[in-house]
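Below is one structure, written out as C-alpha cells; comments come after it.
The values are calculated or read from the model by the stated rules, or taken from the named source; none is laboratory data. Model, not experiment: these values are computed from the prediction. Positions of Cβ are generated from backbone atoms using ideal geometry, with glycine treated the same way; all protein chains shown enter the neighbour counts.
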Amino acid sequence: MRSVKKGNRWHFGMNCHTGVDAGSGFVRTVEATAANVHAVTAAAGLLRKDDGAVYGDTACLGTEKRDGIRNSSPRSAITYRINRRPGRFPQGFRQRH
C-alpha cells in the first residue's frame with residue numbers, strides 16, 4: 001500500500017480495478033494496485049483475448065496507445081470506447097444533468 005496526494009489531501013491505500021462483461025454485468029477480472037498506480041497502467045491487465053470492445057472512463061484515456069496493447073495483435077484489434085474529458089466535447093454539445 002502506498003500514499004498519494006490528490007489536491008491538498010493525502011490518501012493511503014489501494015485501488016481495485018475491475019473488468020466487467022458488458023453483456024452479463026459479471027466481474028471477470030480484478031487487479032489490486034497501490035494507490036499511486038494510475039488506472040491506465042492497470043487497464044492492460046484487465047483485457048482478455050476474446051474482448052471485442054472496451055468501455056472506460058476518462059482515467060483510461062490512451063489505453064490503446066500503450067506499447068503492451070499496440071504491439072499485441074489480439075489487443076490492438078479491440079474497439080476502445082473511452083469517455084471524453086468534460087472540456088473536449090464538440091461545440092454546441094450540451095451535457096444534461
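Would you point out which residue out of Thr33, Thr29, Thr58 is among the polar types (S, T, N, Q), at pLDDT below 85 and within 15 Å of the chain's Cα centre (by Cα)?
On the way: Thr33 fails: at pLDDT below 85; Thr29 fails: at pLDDT below 85.
Step by step, each of Thr33, Thr29, Thr58 is checked, and only Thr58 is among the polar types (S, T, N, Q), at pLDDT below 85 and within 15 Å of the chain's Cα centre (by Cα).
Just checking, how many residues over the range 70-89 are under 15 Å from the mean Cα position of the chain (by Cα), at pLDDT below 75, part of a loop (DSSP other than H, G, I, E, B) and surrounded by 11 or more Cβ atoms within 10 Å (Cβ to Cβ)?
Of the residues in that region, 1 qualify.
Which count do you get for residues in the range 45-69 that are under 19 Å from Gly25 (Cα atoms), surrounded by 12 or more Cβ atoms within 10 Å (Cβ to Cβ) and either in contact (Cβ under 8 Å) with a residue 40 or more places away in the chain or among the aliphatic types (A, V, I, L, M) (or both)?
Final tally of qualifying residues: 3.
Regarding Ser3, is this residue at pLDDT below 85, exposed (fewer than 12 other Cβ atoms within 10 Å of the Cβ), touching an Asp or Glu at 6+ places or on another chain (Cβ under 8 Å) and not β-branched (Val, Ile, Thr)?
On the way: at pLDDT below 85: yes; exposed (fewer than 12 other Cβ atoms within 10 Å of the Cβ): yes; touching an Asp or Glu at 6+ places or on another chain (Cβ under 8 Å): no; not β-branched (Val, Ile, Thr): yes.
Here the answer is no, as Ser3 does not meet what is asked.
Name every residue in the range 30-40 that is loosely packed, with under 14 Cβ neighbours inside 10 Å and either without any contact (Cβ under 8 Å) to a residue 24 or more places away in the chain or within 20 Å of Ser72 (Cβ to Cβ) (or both), in order of residue number.
Passing the criteria: Val30, Ala32, His38.
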